[in-house]
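For reference, the structure discussed in these notes is given below.
Laboratory data are not the source of any read-out in this text; all were calculated from the coordinates shown. Nothing here was measured: the structure is a model prediction, and the numbers come from that model. Heads up, the Cβs are rebuilt from the backbone with ideal geometry, glycines too, and the neighbour counts pull from every protein chain shown.
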Amino acid sequence: TFEGDLKWDHQEVTYRILSYTPDMATSLVDDAFARAFKVWSDVTPLTFNRLFDGTADIMISFGKIDHGDPYPFDGKDGLLAHAYPPGEGVQGDAHFDDDEYWTLGEGPAVKTLYGNADGAMCHFPFTFEGKSYTTCTSDGRSDDLPWCSTTADYGRDNKFGFCPSELLYTFGGNADGEKCVFPFVFLDKEYDSCTTEGRDDGYRWCATTSNFDTDVKYGFCPSRETAVIGGNSEGESCHFPFVFLGKEYDSCTSEGRGDGKLWCGTTDSYDDDKKWGFCPDQGYSLFLVAAHEFGHALGLEHSNIREALMYPMYSFVEDFSLHEDDIEGIQYLYGRKDGPDPTPPQPNTPSTTAYPDPDDTDKPTDPTTTTTATPVDPTKDACKMNKFDTITVINGELHFFNDGLYWRMSSGRDGGLKGPFSISETWPALPAVIDSAFENTLARKLYFFSGTRFWVYTGKSVLGPRSIEKLGLPNTVQKVEGALQRGKGKVLLFSGENYWRLDVKAQKIDKGYPRYTDAVFGGVPNDAHDVFQYNGHMYFCRDRFYWRMNSRRQVDRVGYVKYDLLQCT
Amino acid sequence: FPGDIIKNMTDSELAEGYLKKFGYMDTLTRSGFQSMVSTSKALKRMQRQMGMEETGELDKSTLEAMKRPRCGVPDVANYR
């Protein structure tokens, strides 16, 4: 999630489509966006309502390069889109780079064709009678047929093309731009698609009415390849076959290019007229990119799990489904679709079982694991120490461990620092040096870490020592130096400049870890030798000092362990 | 053959721009601390985010990853 877990404070989220791409029929764009929202409404209580005017939570638009915010796009490929986390104004909005070639991801087969009288592609924006158009228009036509211009200035070259409004008619139009209508009859034979019958140039054609003869109207139906909205430097559509270095091509090719891009020639022979165009490859799936961007618009940051939708890099997948990482993230913010919200993070209520409880009937202690009790030197003064092996909270009280002894800062009437006590008298199985410890209050268990081993105490019975690799920590970890309970049975384990998230119930490290401590907990030393949670704050200790961080992950205090935590004078 | 006008940006310029654009270089921490990160450290972070081997080097696979189409939202939470 974004900083501060930004999210919408209502479940009925609204959206509005402000502009379209010329790459796809508007009905397809509408559908792609609706399906992208459904990805998230399927797993949360959120609903998405489309507005056609006014201000919606999520305003969607297409733009190129500088498109009105401080984050310009970069032409074809590279950046595809971006979106802002929930909030007012531009927050929550999603922008798509229209220098990309937007499709359903399967490539051009379902491209809507815009064509002018000689098959050139439509170009936007174009001006007509002083007005600029970014999509087809029926202005200036009595028959209301949508048309476009092949160049920026309609007037000058008098070239214009008809823009079939329905996606299904992905075929070109006839000389006066009618859509092909099927079936039609030619020489007493019925056709339900374009044909090359009766033509010697191999072009495919269709008739605009069921009877070709009577109105002698017909149109060219570009083949699939020509339908690839390629475009040479002057926007002509690709024509096939074309010849390149003596070889004939009937579809786009990457021959002769070092970057593998697909291209086509606009005439039969590439060489003589030097016209060529790029044939867009599969294009980018508007649905997939929109589903990702709407994840941001709902409050999700990037994932580092390749298979997750919120992974920053684009890759086309046929049968898409959300990864558990995406679902966990969105449900953390908005809860599940049905049933109660996931249990909110439990407050760290101190349990009463952290100490071995004599009448506990748990599994017996493993006799091989006890160690001889460390003799306690009652004069050992905690205030004379510069550094502790570990500090942690047990039963709501701070505990300071060092070399076989521990002290505890008890609250209440007779508060103040108590100890030293012998570690091995209280927890016989433990070694003298404890690197870190945490209390799992829900399960009433105490975890102790020393080197690459760990012990779990439940009352007086203990499990361990076991290797920390059993939890999924890599064998490169020499010791666990800190632990932060994060609610919902998760605990962050710190070692060196990294941290991992442990699912305590599963006894397993979650995927997507380790992460750098300073990337998430900015402002604290990334080599803290101790990390613990206390009174709603996170403490990072190095030498005699601690850095205290609040729940918004801001360092709000730096001080001496001795004076502030041990309250030495 | 008329190729793309491949911007004659060097690989390290491309990498530098990428690491900056997606928040790996200068991290503005929540506590307001501004810390510049070395390129090698920033590369390691980016390699980790992309699930790659964390070499801290601008190797071929890292460079290719930087050229792949992606979302414009930074990977490190500096995005306001």
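Net charge around A:ALA81, counting only other residues with Cβ within less than 9 Å of its Cβ (Lys, Arg = +1; Asp, Glu = -1)?
-3
Per residue of B:62-72, what is the mean number of Cβ atoms on other protein chains within 10 angstrom of that residue's Cβ? Could you put the intermediate results ahead of the total?
On the way: counts 0, 0, 0, 2, 2, 2, 6, 13, 14, 16, 15.
Average neighbour count from other chains, rounded to a whole number: 6.
Fewest first, what order do A:ILE391, A:ILE327 take by the number of other Cβ atoms within 10 Å?
Numbers: A:ILE391 26, A:ILE327 18.
Ascending Cβ contact count within 10 Å gives the list A:ILE327, A:ILE391.
Under the classification rounded if a/c is under 1.5, otherwise prolate if a/b is larger than b/c and oblate if not, where does region A:1-87 fall, given a ≥ b ≥ c as square roots of the Cα gyration tensor eigenvalues? Numbers along the way, then the final one.
Values: a/c = 1.78, a/b = 1.25, b/c = 1.42.
Oblate is the answer for region A:1-87, as a/c is 1.5 or above yet b/c matches or exceeds a/b.
Please give the average number of partner chain Cβ atoms lying within 10 Å of the Cβ of each residue in A:519-525, rounded to a whole number.
Per-residue shielding by partner chains comes out at 6.
Calculate the spin-label point distance for A:GLN331 paired with A:LYS387, positioning each point 7 Å from the Cα along the beta-carbon direction, and give it in nanometres.
4.3
Using alpha carbon coordinates only, what is the Rg to Rh ratio of region A:522-569, with Rh defined as the Kirkwood radius?
Over the Cα atoms of region A:522-569, Rg/Rh equals 0.94.
Between A:GLN478 and A:GLU129, what is the label-to-label distance in nm when each label sits 7 Å out along the Cα-to-Cβ direction?
About 8.1 nm separates the two model spin labels.
How do A:284-291, A:28-35 rank on mean C-beta neighbours within 10 Å, highest first?
A:284-291, A:28-35
If you take each beta carbon of peptide A:304-315 and count the beta carbons of other chains within 10 angstrom, what is the mean?
4
Want the number for A:ALA432 to A:SER551: 0.36 nm per residue separation, take away the alpha-carbon distance, what's left?
Extending this stretch completely gives an extra 39.6 nm.
If we sort B:64-70, A:97-103 on the protection proxy, mean other Cβ atoms within 10 Å, highest first, what's the order?
By packing density, highest mean first, the sequence is A:97-103, B:64-70.
List the pair-distance distribution P(r) of region A:486-557, using every Cα-Cα distance, as the percent of pairs falling in each 5 Å bin from 0 up to the bin containing the longest distance, rounded to whole percents.
Per 5 Å bin, starting at zero, the Cα-Cα P(r) for region A:486-557 comes out as 3, 17, 26, 27, 18, 8, 2, 0 percent.
Report, by chain and number, residues whose modeled amide H sits under 5 Å from the one on A:TRP427, excluding near sequence neighbours (fewer than 5 apart, same chain).
Excluding prolines and chain starts, which carry no amide H, there are no hits.
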